[in-house]
Amino acid sequence: MDSSVKKLFDAIASGYDEQRKKLIPCFDDFYGMALSLVESAAASPKILDLGAGTGLFSGMVLQKYPNAELTLMDVSDKMLEGARQRFQHNDSIRYIVGDYSNYTFTESFDIVISSLSIHHLTHMAKQHLFVTIHQALMPGGIFVNADQVAGNHPASDEYYRRRWLEHINDSGLSREAIEASVERRKLDINAQLNDQIIWLEEAGFLDVDCMYKYLDFAVFFSRKDSRVPGSTPHV
């Protein structure tokens, strides 16, 4: 991941949670759909949060699965410090400071989640990451990604941006916060929705779909085959 992304998120770590709801026009529906897709039959599912930041999405998941075994990973230690404060009374949560785009995971997870992070990667890096996530999941495991997407046409991207600027200018955010957010979005490398579905399928995922979309905010769902590699299919 580009080091300039880390620097920008280091700089806003302390006020990130307060700003995020105002920066996302569809905040409740966006995260609400993502959270509803995080489902497991296990009472204590093993969950990996990529680009976890201050632990906002993980905090929602913990309300749904209080006994979940969570691992939070982010390239910004300052962002993860916010997560450590959020979960200071929970000793079972693990933290990894590192770049998930080139990290080798040595354990398996029931669920991998991510929110508003993977769009910072180049398209090639996204494809590589989807393969890595597929490999890190247990058979039958799921991947839920709430992220930004590019439009199918430049005109769509222009419209998304105009609507977003209108929203944040009416959100009550300070001019400084608005300008900083606009600056951060210059580093976005959004990929088209259909391309990401193809990349997930190419990585080996099943049941791949976009379950929610509002302008350039989308929630993806995908599942790893429940059969153990080498097993005989049922007939």
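The values are calculated or read from the model by the stated rules, or taken from the named source; none is laboratory data. What you are looking at is a predicted structure, and each value in this text was computed from that prediction instead of being measured. As a convention, Cβ positions derive from the backbone with ideal geometry for all residues, glycine included, and neighbour counts pool all protein chains shown. These area figures cover heavy atoms from the full protein model, side chains too; ligands, DNA and RNA do not enter into them. Shrake-Rupley method; radii C 1.70, N 1.55, O 1.52, S 1.80 Å.
Remarks
- Charge tally for residue 71 (other residues, Cβ to Cβ under 9 Å; Lys, Arg +1; Asp, Glu -1): -1.
- Rolling a 1.4 angstrom probe over segment 22-180 with all protein chains present gives an accessible area of which 49% lies on carbon and sulfur atoms.
- For the chain: accessible area per residue (Å², 1.4 Å): 49 Å²
- Cα centroid of segment 63-85 to Cα centroid of segment 165-220, whole Å: 21 Å
- Counting only DSSP beta bridges with both residues in the chain, the antiparallel share comes to about 40 percent.
- Rounded to the nearest 20 debye, dipole of the chain from Cβ charges on Lys, Arg, Asp, Glu: 180 debye
- Computed lengthening from residue 162 to residue 28, 0.36 nm per intervening residue step minus Cα-Cα distance: 46.2 nm
- Remark: C-alpha extents of the chain on the principal axes read 59, 45, 30 Å, sorted largest to smallest.
- Principal-axis tilt of helix 123-136 within the chain, Cα atoms, nearest 10 degrees: 40 degrees
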